[in-house]
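Enquirer: Before anything else, here's the structure in question.
Computed from the coordinates by the stated procedures, all read-outs in this text should not be read as laboratory data. All values reported here derive from a predicted model rather than from experimental measurement. Please note: Cβ atoms are built from the backbone with ideal geometry, for glycine as well, and neighbour counts cover all protein chains shown.
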Amino acid sequence: MRECVTISLTNEMKKKLDDIASRENVNRSEIIKTALKQYFSVLEFRRIRNLMIPKAEKAKIFSE
């Protein structure tokens, strides 16, 4: 199911969004959906990483 959501953007952000949409030949909605999917993926990665850090440190596995 789809729902409409209203967001507020600065003039600069809207201009960049419009420029990218025109250049990439996609609509603004697709760009925002892609950006949100990427953001959600980053959050999930960080959540899992934070769960694993103590286990890795206990096993003497370190990373930057």
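Enquirer: Just order 18-24, 28-34 by mean Cβ neighbour count inside 10 Å, highest at the front, would you?
Expert: 28-34, 18-24
Enquirer: Sequence neighbours fewer than 8 away in the same chain don't count; with that in mind, list the lysines whose C-alpha is under 29 Å from LYS16.
Expert: LYS33, LYS37
Enquirer: In addition: Taking the Cα atoms only, what angle lies between the long axis of helix 11-24 and the longest principal axis of the chain, rounded to 10 degrees?
Expert: Helix 11-24 sits roughly 90 degrees off the main axis of the chain.
Enquirer: Bin width 10 Å, origin at 0, all Cα-Cα pairs of the chain: what percent of pairs per bin?
Expert: P(r) over the chain, rounded to whole percents: 17, 32, 21, 17, 13, 0.
Enquirer: Okay, moving on. For segment 14-64, which chymotrypsin sites (Phe, Trp or Tyr not before Pro) are in a loop by DSSP, counting at most 11 other Cβ atoms within 10 Å? Before the final figure, lay out the partial values.
Expert: On the way: sites: TYR39, PHE40, PHE45, PHE62; in loops: PHE62.
Here the chymotrypsin sites (Phe, Trp or Tyr not before Pro) that fit, given the DSSP loop and packing criteria, are PHE62.
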